[in-house]
């Protein structure tokens, strides 16, 4: 093993590997911060440039884009209330609230710390337990997958705000719109109304951008008309000092349990193909809110909320490679592109990869860990200038944001239809906020609905319609019991919140 480690170090310690990682990180942060420019798109566009590279250089370059892109999505989520990537949707809830209080720099710092530490911890888990975790992943079939998604859907109740009914209505809208398009099993079209553009369903990029960006643009421009004395997006007239905008040592050490939880949640979600970073982000956000000493701050500008969302989001990055490297199964769209990169380099992911090319595997593992430090260094430099966005006059900033949103939506599929979809969803989001319907339950339901339906239908096909299959499988039964306890816990919490509000 020591010989393999030394060979891996030899492959890693090359100037072109370092250069590839740095260039990849810079590219990833920039693209991740642009609304609509997804990590999958960035890695796909970079793939042709790796043809002539050595294996470790090529994979390190692409991993740099991947990891930095996932983190980069938090920048626009915090500064302009629009997630740069789908995984940063949960970050909007507290990150943008902090920006409007004049604490954007503090939120950006917290997002960076949580992202890097959680990613580093999950990478260490990946390196130490890749093969063992892969065996565990093989035990998760359609039945277990469905039970996990049911458990994840309880997040809707946790992020519903003061009104559980309004949260459930919002979640119901998300579930409904997620059914638009062609049925994945039988190819039957649903709610397409003869429009061929709807056959593939509603693209997540315009839905997320429309839901978060357009209502905020309308709100800000409307606010400019009503309150011309307010020139920026800041809600407060109080000037926040430089010292107040820095994270204290107490705040930094206080979020470690949240970050550690995010790394664990991200690692578990990461090894399950198809679930993704957005689910891990919302799941960790929900769990952290339940155990927090100040759950009332969540959604109103909580540093802990930012840390929870970003830790869960970035904790997925390393473990998504586990099913790819050990079994040859890509866990999501990004790792599917990485699978192509391995094949181009003449490497076939799977058990034999650890036998024939263990030196390359260790070289990639070293790169995974070092990339986190590069993300921290470059991210820290970028934050100095990024935080100034909150002071840009809104009549300048929001037209630019709108142009970026249009560009991002169009670039996601090269379809003008997606731009119109963004505007329609944006109008819907604005009216949802007018009637007090929270946006987070909609997003969670929209993301998890296809996974929920697919898991349910495959389970019933496998069991020939026997519903008892969900209580006869140990892992599935465990998650269903956890779901029950989670619902009871949430309802008790809502009851306490209602009692406290009546007393006040």
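The values are calculated or read from the model by the stated rules, or taken from the named source; none is laboratory data. What you see is a predicted model; the values in this text were computed from it and never measured. Here Cβ is always computed from backbone atoms with ideal geometry, including for glycine, and neighbour counts include all displayed protein chains.
Annotations
- Region 249-272, residues that are in contact with a helix residue (DSSP H, G or I) (Cβ under 6 Å, 6 or more places away or on another chain) and part of a loop (DSSP other than H, G, I, E, B): 255, 271
- Positions within region 430-460 being touching a residue at least 40 places away in the same chain (Cβ under 8 Å), part of a helix (DSSP H, G or I) and more than 20 Å from the chain's Cα centre (by Cα), in sequence order: 430, 432, 433, 453, 454, 455, 456, 457, 458, 459
- The set of residues from region 166-193 being without any contact (Cβ under 8 Å) to a residue 60 or more places away in the chain and either surrounded by 15 or more Cβ atoms within 10 Å (Cβ to Cβ) or closer than 17 Å to residue 424 by Cβ (or both) comprises 176, 180, 181, 182, 189, 191, 192, 193.
- Test: residue in region 89-97 that is at pLDDT 85 or above and out of contact with any helix residue (DSSP H, G or I) (no Cβ under 8 Å at 6 or more places or on another chain): yes
- Search result, residues across region 395-409 that are surrounded by 15 or more Cβ atoms within 10 Å (Cβ to Cβ) and without any contact (Cβ under 8 Å) to a residue 24 or more places away in the chain: 406
- Any hit, region 414-423, residues being at pLDDT below 85 and either surrounded by fewer than 16 Cβ atoms within 10 Å (Cβ to Cβ) or at positive phi (or both): yes
- Within region 307-345, the residues that satisfy the criterion of being modelled with pLDDT of 80 or more and not in a helix (DSSP H, G or I) are 315, 316, 317, 318, 319, 320, 345.
- The criterion of being part of a loop (DSSP other than H, G, I, E, B) and either under 21 Å from residue 313 (Cβ atoms) or more than 20 Å from the chain's Cα centre (by Cα) (or both) does not hold for residue 73.
- Leading residue by the ranking (modelled with the highest pLDDT) among those in region 351-410 that are farther than 30 Å from residue 222 by Cβ and not in a helix (DSSP H, G or I): 357
- Boolean, residue 72 is crowded, with 24+ Cβ neighbours inside 10 Å, in contact with a helix residue (DSSP H, G or I) (Cβ under 9 Å, 6 or more places away or on another chain), under 24 Å from residue 15 (Cβ atoms) and touching a residue at least 40 places away in the same chain (Cβ under 8 Å): no
- From the list 63, 19, 45, 103, the one residue that fits, being modelled with pLDDT of 90 or more and out of contact with any helix residue (DSSP H, G or I) (no Cβ under 7 Å at 6 or more places or on another chain), is 19.
- Residue list for region 188-202, filter: in contact with a strand residue (DSSP E or B) (Cβ under 9 Å, 6 or more places away or on another chain), under 14 Å from residue 177 (Cβ atoms) and part of a loop (DSSP other than H, G, I, E, B): 191, 192, 200, 201, 202
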